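Bear in mind that the values in this text are calculations on the coordinates, not laboratory data. Computed from a prediction, not measured in an experiment: that's the story for all the values here. Reconstructed Cβ throughout: ideal geometry from the backbone, glycine too, with neighbour counts over all protein chains shown.
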Amino acid sequence: MSLINIHKVFKTYGSGHAATHALRGIDLSIEAGEFVALSGSSGSGKTTLLNLAAGFDFADSGSVVFLERELSSLTEKQRALFRRKHVGFVFQMLNLLPTMTALENIQIPMALNSFSRLDQKARGLGLLEIAGLSDRANSFPKELSGGEQQRVAALRAVAHSPDLILLDEPTSCLDTENAKVLLELLSNLNKEVGVTLIISTHDERIANLAQRRVILRDGKVAGDVSE
Ligand code: ADP
Ligand code: MG
């Protein structure tokens, strides 16, 4: 059984003359443990598709089944709880909380999932070490470089061991060196922890690292290639 099964999904924003057909019949299944790059030009529907996969938003028609649950059949509260447990999301805007340190930011999803304080801290420090950020544990986001913030955001997304991590153009504001570090971190997490990754990207380097590449064009799957 697939981790996530997207079937005949359509999504339109607005109506009449202002209608934008963001997704126009998407069929896509993602298996547990896959590392998928979602590529396609700006406006092709990448962010919309990630939002639907995470249950942040609904399709107009079609189905999104995640761990055997049809997301549209859940109430808003059930969806929020489901997402909290099963999904990690790195947004284009990182959304690190400015008043919390790197370690505290990473602890948030664990606190929400009832990890003990001790486990939160131990696991948070362990993740920071994997990412080469041990000496940054007590730094606030504004004291970190862009690349360091990206890595903290990625660590926060994996901290509670979700089944799926969605990253929306995570390297768009990174230089080559920082992008490489983030990619290696993600690739290692995929291999070692077995977490499923879907990364939307314009970046050829990311697309090449992934085992599978799904290309969107005008709201449709225009290519789906596994290595
Ligand atoms: P991508 O992430 O590939 O750049 P998006 O999923 O953000 O593409 O957008 C797909 C299309 O839907 C674009 O034409 C975009 O302008 C439109 N769109 C996205 N979000 C909204 C929204 N909230 N309201 C209206 N149109 C939107
Ligand atoms: Mg986008």
Would region 122-130 turn up any residue that is among the β-branched types (Val, Ile, Thr) and out of contact with any Phe, Trp or Tyr (no Cβ under 9 Å at 6 or more places or on another chain)?
-> yes
Reported set for region 13-65 where residues are part of a loop (DSSP other than H, G, I, E, B), more than 10 Å from ligand 2 (Cβ to nearest atom) and touching a helix residue (DSSP H, G or I) at 6+ places or on another chain (Cβ under 7 Å) is Ala54, Gly55, Asp57, Phe58, Ala59
Considering region 168-200 alone, what residues qualify as being surrounded by 13 or more Cβ atoms within 10 Å (Cβ to Cβ) and on the phi > 0 side of the Ramachandran plot?
-> Glu169
Only one of (1) surrounded by fewer than 16 Cβ atoms within 10 Å (Cβ to Cβ); (2) within 17 Å of the chain's Cα centre (by Cα) fails for Lys142. Which number is that?
-> (2)
When residues of region 156-202 are filtered for being in a loop (DSSP other than H, G, I, E, B), small (Gly, Ala, Ser) and more than 17 Å from Leu38 (Cα to Cα), how many remain?
-> 3
Any residue at all in region 201-213 that is within 16 Å of ligand 1 (Cβ to nearest atom), under 13 Å from the mean Cα position of the chain (by Cα) and either without any contact (Cβ under 8 Å) to a residue 24 or more places away in the chain or crowded, with 21+ Cβ neighbours inside 10 Å (or both)?
-> yes
Tally time: how many residues in region 1-59 are out of contact with any Asp or Glu (no Cβ under 8 Å at 6 or more places or on another chain), farther than 23 Å from Thr201 by Cβ and surrounded by fewer than 14 Cβ atoms within 10 Å (Cβ to Cβ)?
-> 6
All-but-one check, His86 against (1) away from ligand 1 (no atom under 16 Å from the Cβ); (2) in contact with a helix residue (DSSP H, G or I) (Cβ under 8 Å, 6 or more places away or on another chain), failing number (2)
Look through region 26-54, keep the residues that are away from ligand 1 (no atom under 13 Å from the Cβ) and over 12 Å from the mean Cα position of the chain (by Cα), and return whichever of them is farthest from Ala210 (Cα to Cα).
-> Asp27
